[in-house]
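For reference, the structure is listed below as structure tokens.
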């Protein structure tokens with residue numbers, strides 16, 4: 001199989017499908033068993049075998065307790081690789097095991113409760129390489145979704161996302177009619193927006209380098225409590241934005257589980273917030289560039305519950321300790337003023353003061369408190385000016 005070399009095809013662009021000599025990006029599917037197994041693993045594997053995109057690989061993570069006959073479902077197909085995981089491993093641990101063995105520039109995590117339409121891979125790759133701008137991830141709606149009714153898409157309204165057919169790189173299996181449908185169906189949700197479409201059930205297709213940046217750093221015990229989509233989806237969206245494809249490309253095997261809410265045990269919410277924020281802080285300290293400022297903003301966004309302030313999350317010992325521990329490093333990188341202003345834009349003064357008391361135990365932190373007062377006054381003046389204008 002031609003594994004490709006980059007997320008964009010090489011060679012001259014043309015309106016017709018690219019010639020065989022042009023190398024297309026590889027899409028790696030990582031299939032693992034759902035935390036609540038639906039019994040649909042064989043159906044999911046069958047839908048992978050039916051994919052019409054020739055540059056795809058399929059990594060199936062199988063529990064050691066599973067019957068060896070599971071591998072018979074894809075025996076003789078060179079696109080498949082079987083990996084054995086421990087019987088007690090979690091979906092996140094299995095997903096990371098598959099990611100470590102994936103060769104693709106694009107990655108799709110897939111559990112055993114979903115089946116894909118044959119054009120899933122080719123249409124996602126076509127949308128990604130045919131768009132005028134790159135995004136971190138793409139997602140298409142599942143069969144049965146009704147826009148605005150049962151967790152379906154509500155189009156952001158932007159147009160002109162896709163290049164014109166005569167200048168776009170083309171996937172061989174995507175017909176002219178299919179490309180025209182993509183031109184009407186693809187929308188972009190910009191990074192950092194909190195009103196993105198939080199789709200859990202339809203599988204997302206991520207750019208590999210963004211996944212590597214957002215990869216969790218937790219120990220095995222904590223990894224077992226993390227959800228794959230809950231961790232990667234918001235971080236990748238905040239890092240690079242999302243592509244929404246308003247076409248049905250998958251089907252859920254468990255009726256009623258489609259939806260736009262990220263599910264999970266509410267008791268683990270602070271832990272998930274902590275891990276997302278930790279990833280951002282750790283990456284920021286290593287980068288020490290303008291990207292670090294972006295990651296700090298993402299850390300603040302990642303501990304929010306929807307549009308609510310992060311005050312409740314900061315009250316949790318894990319999250320509060322993380323911010324306090326990283327505060328000196330932020331001040332060293334950006335200076336006190338920039339560090340305080342970064343937090344002040346996102347939170348109220350009481351939350352920020354609590355954070356500063358943790359960061360400066362037993363010290364007055366007078367300069368930082370003075371900055372809070374100055375920023376409060378500036379914010380009030382701007383609001384007054386906006387009302388008077």
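The values are calculated or read from the model by the stated rules, or taken from the named source; none is laboratory data. Since this is a predicted model, take the numbers as computed values, not measurements. Because the Cβ atoms are built from the backbone with ideal geometry, glycine has one as well, and the counts that use them run over all protein chains shown.
Taking the stretch 146-163 only, how many residues are buried (at least 18 other Cβ atoms within 10 Å of the Cβ), more than 19 Å from residue 53 (Cβ to Cβ) and at pLDDT 50 or above?
Of the residues in that region, 1 qualify.
Tally time: how many residues in the stretch 200-231 are out of contact with any helix residue (DSSP H, G or I) (no Cβ under 8 Å at 6 or more places or on another chain), part of a helix (DSSP H, G or I) and modelled with pLDDT under 90?
Qualifying residue count, the stretch 200-231: 2.
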